[in-house]
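A.B. asks: Supplied in structure tokens, the structure appears directly below.
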Amino acid sequence: MTDAPYRLAGRRVWVAGHGGMVGAALVRRLAREDCEILTVGRAEVDLRRQSDVEAWLADVRPQAVVMAAATVGGIQANDSRPAEFIYDNLAIETNVVHGAWRCGVEKLLFLGSSCIYPRDAAQPMAEDALLTGPLEATNQWYAVAKIAGLKLCQAYRRQYGCDFITAMPANLYGPGDNFDPASSHVIAALLHKAHEAKTAGADSLAVWGSGRPRREFLYVEDLADALAFLLQNYSGEAHVNVGAGKDIAIGELAALIAEVTGFAGDLAFDPSKPDGTPRKLLDVSRLRALGWAPSTGLRDGLAQTYRWYCENALA
Ligand code: GFB
């Protein structure tokens, strides 16, 4: 096992999932370190297939791996595609973690999600709230897979001495997000719907649920910076929460998004859609104590994401 600090300089680092929002942000962030970044597309290596993963690892022999590859989506995608969310994620995790051990990877960082914590966990949610109560029903499949990923890393650390670490981010948003309103998370969905409503001159913007649930949102460029920090400065069995340290009600978020996009109509809450977890705010004191804090406020992050959407997603 390597001890923190771990030097990225001169290392071959595989960013698994570089085509997604998180992986792409990480590739941008790691470009500032003096390391060689390795990526491979889905058409060439299907991470759900063990033989593909083992052949790729044997071929490129990375020294560090960041697992930003996952099947992800918002509340509706999670609730309606449970088999994909549990199978894809378990398969990716077992293949990559086991393969990384077999080929002697020095450092691996696994990414989970704040939905690993019990639905009714005390807020803010500290790392030791894990497995202390029942999960939120709409995303239990994804949560179970992410808990398994965390435990895999711990098991390989205990039995084989692998320096595999795990980070649990808050709800993420930013450039490169999925803006398809049926499968996206709330920020991308509302930016897209508010833009369309403004362009169409519509009177109202549909907001799912009651508007009362509270969420903590972290800008993806901040997450990428935190991951680069953890790779280099953290080595431990315990997982680390990565968040902004603040939450907001969905109704307030929708009003802020209307402001950022210039939509002047009303918010129309749709109680036929699920609210999901009542509140998700991470206790980020462990990460703060290690020496990292985010730098992008929600309003700025929303404005930058909206700019990216207008320039890139409206083809
Ligand atoms: O972002 P979201 O889909 O994820 O929804 P979760 C957050 C809240 O926003 C819910 C509300 O209360 C939604 O009902 N919401 C309002 C909307 N309008 C919309 C909309 O147009 N689209 C969407 N998507 N939501 C996911 C989990 O839960 O979060 C995953 O299912 C994962 O497993 C991810 O943990 C980070 O926070 O509810």
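A.B. asks: For a quick check: with amide H placed at 1.01 Å from N, whose amide H comes under 5 Å from Asp266's, ignoring anything fewer than 5 positions away on the same chain?
C.D. replies: Ser204, Leu205
A.B. asks: A further question on this structure: Let's test the formula: R0 of 25 Å, r as the Cβ-Cβ distance of Glu237 and Ala289. What FRET efficiency results, to the nearest 0.05?
C.D. replies: The computed FRET efficiency comes out at 0.90.
A.B. asks: Based only on Cα atoms, what Rg/Rh ratio does segment 176-315 have, Rh being taken as Kirkwood's radius?
C.D. replies: Details: Rg = 16.5 Å, Rh = 16.3 Å.
Result: Rg/Rh = 1.01.
A.B. asks: At 1.4 Å probe size, with the rest of the protein present, what percent of the exposed accessible area of the chain is carbon and sulfur atoms?
C.D. replies: Of all accessible area on the chain, carbon and sulfur atoms account for 49 percent.
A.B. asks: Okay, moving on. Taking the Cβ of Glu221 as the centre, find all other residues whose Cβ is under 10 Å away and add up their charges (Lys, Arg: +1; Asp, Glu: -1).
C.D. replies: Taking every Cβ under 10 Å from that of Glu221, the sum is 0.
A.B. asks: Return the sequence-ordered ³J(HN,Hα) values of segment 188-201 in whole Hz as given by the Karplus equation 6.51 cos²θ - 1.76 cosθ + 1.60 applied to θ = phi - 60°, using x for Gly and Pro.
C.D. replies: 4, 4, 6, 4, 5, 5, 5, 5, 5, 5, 4, 5, 7, x
A.B. asks: Let me ask something additional. Relative to the longest principal axis of the C-alpha atoms of the chain, give the angle of the C-alpha long axis of helix 21-30, reported between 0 and 90° and rounded to the nearest 10°.
C.D. replies: 50 degrees
A.B. asks: Now a separate question. By how many degrees, 0 to 90 and rounded to 10, does the Cα axis of helix 220-233 deviate from the longest principal axis of the chain?
C.D. replies: Roughly 20 degrees, rounded to the nearest 10.
A.B. asks: Got the relative contact order for segment 170-218 handy, in percent, Cα pairs under 8 Å and 6 or more residues apart? Working shown, then result.
C.D. replies: On the way: 36 pairs, mean separation 21.0, N = 49.
In percent, rounded to a whole number, it is 43.
A.B. asks: Counting pairs of alpha carbon atoms under 8 Å apart in space and at least six apart in sequence, what relative contact order in percent does the chain give?
C.D. replies: On the way: 631 pairs, mean separation 64.6, N = 315.
Across the chain, relative contact order equals 20 percent.
A.B. asks: Compute the accessible area per residue over the chain, keeping the other protein chains in place, probe 1.4 Å, unit Å².
C.D. replies: Numbers: 13330 Å² over 315 residues.
The answer is 42 Å² per residue.
A.B. asks: Using a cut-off of 28 Å between alpha-carbon atoms, which lysines can reach Lys107, once sequence neighbours fewer than 8 places away in the same chain are excluded?
C.D. replies: The reachable lysines, counting only those whose Cα sits under 28 Å from Lys107, are Lys146, Lys151.
A.B. asks: With all protein chains present and a 1.4 Å probe, how do Ile248, Ile75 order by accessible area, largest first?
C.D. replies: On the way: Ile248 25, Ile75 45 Å².
In descending accessible area the options line up as Ile75, Ile248.
A.B. asks: Okay, moving on. Taking a virtual spin label 7 Å from the Cα of Asp266 along the C-beta vector, which residues in segment 170-194 bring their backbone nitrogen under 15 Å of it?
C.D. replies: It comes to no residues whatsoever.
A.B. asks: Hey, another quick one. Please build a GNM for the chain, connecting alpha carbons under 10 Å apart, and tell me which residue among Gln159, Gln123, Gln232 fluctuates the most.
C.D. replies: Looking only at Gln159, Gln123, Gln232, the biggest GNM fluctuation is shown by Gln159.
A.B. asks: Using alpha carbons only, what's the Rg to Rh ratio of segment 139-179 with Rh from Kirkwood?
C.D. replies: Result: Rg/Rh = 1.12.
A.B. asks: Turning to a different aspect of this structure: Please give the helix 82-102 orientation as an angle from the longest Cα principal axis of the chain, in degrees from 0 to 90, rounded to the nearest 10.
C.D. replies: Approximately 30 degrees, to the nearest 10.
A.B. asks: Right, next: Return, ordered by residue number, the residues of segment 238-260 whose backbone nitrogen is under 16 Å from a label point located 7 Å along Cα→Cβ of Asp300.
C.D. replies: 244-246
The values are calculated or read from the model by the stated rules, or taken from the named source; none is laboratory data. Because the structure is a prediction, the values reported are computed rather than measured. Virtual Cβ from ideal backbone geometry, glycine too; neighbours counted across all protein chains shown. Remember, those area values only see protein heavy atoms, side chains included, never the ligands or the DNA or RNA. Shrake-Rupley method; radii C 1.70, N 1.55, O 1.52, S 1.80 Å.
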